[in-house]
Amino acid sequence: MALRPIGQDELDNFQFDENGRLHWKGQTVLLEKRIRLETYQIVLATLAAVGAFAAGVHPFLVSFHLFGF
């Protein structure tokens with residue numbers, strides 16, 4: 001699908017409904033799409049965040065001789 005610019009004469013095709021939703025030629029324009037993570041994805045993301053945090057904290061603790069690996 002090739003993209004093309006919107007011309008000045010086409011701007012009248014934009015409309016707002018009473019709830020403030022944007023429409024183009026009578027069809028709702030999707031402005032955001034929420035995602036839902038699966039359980040295993042949440043677990044992996046949590047492990048990655050904890051690992052990143054530990055990787056940042058470890059050198060800090062070693063520099064103060066609080067943790068000696």
Check your understanding: With each label point set 7 Å from Cα along the Cα-Cβ vector, what nm distance links E10 and E32?
Key -> 2.6 nm
Practice item. Kindly write out, for the stretch 29-35 in residue order, the coupling ³J(HN,Hα) from the Karplus curve 6.51 cos²θ - 1.76 cosθ + 1.60 (θ = phi - 60°), rounded to whole Hz, with x marking Gly and Pro. Key: 8, 7, 9, 8, 9, 7, 10
Exercise for review: Mind putting a number on the dipole of the chain about its Cα centre? Charges go on the C-beta only, +1 for Lys and Arg and -1 for Asp and Glu, and I need it in Debye to the nearest 20.
Suggested key: 320 debye
Check your understanding: To one decimal place, what orientation-averaged projected area in nm² is obtained for the convex hull of the Cα set of the chain?
Key -> 11.0 nm²
Review point. Could you give the angle, 0 to 90 degrees to the nearest 10, between helix 39-63's Cα long axis and the longest principal axis of the Cα atoms of the chain?
Key: 50 degrees
**Study point:** Dipole-positive endmost among Y40, W24, S63 within the chain (Cβ charges, Cα centre)
**Key:** S63
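Taken together, the values in this text are just the output of simple stated rules run on the coordinates, not laboratory data. Please read these numbers as outputs of a predicted model, since none were measured by experiment. Quick reminder, even Gly has a Cβ in these numbers, built from the backbone with ideal geometry, and neighbours come from all protein chains shown.
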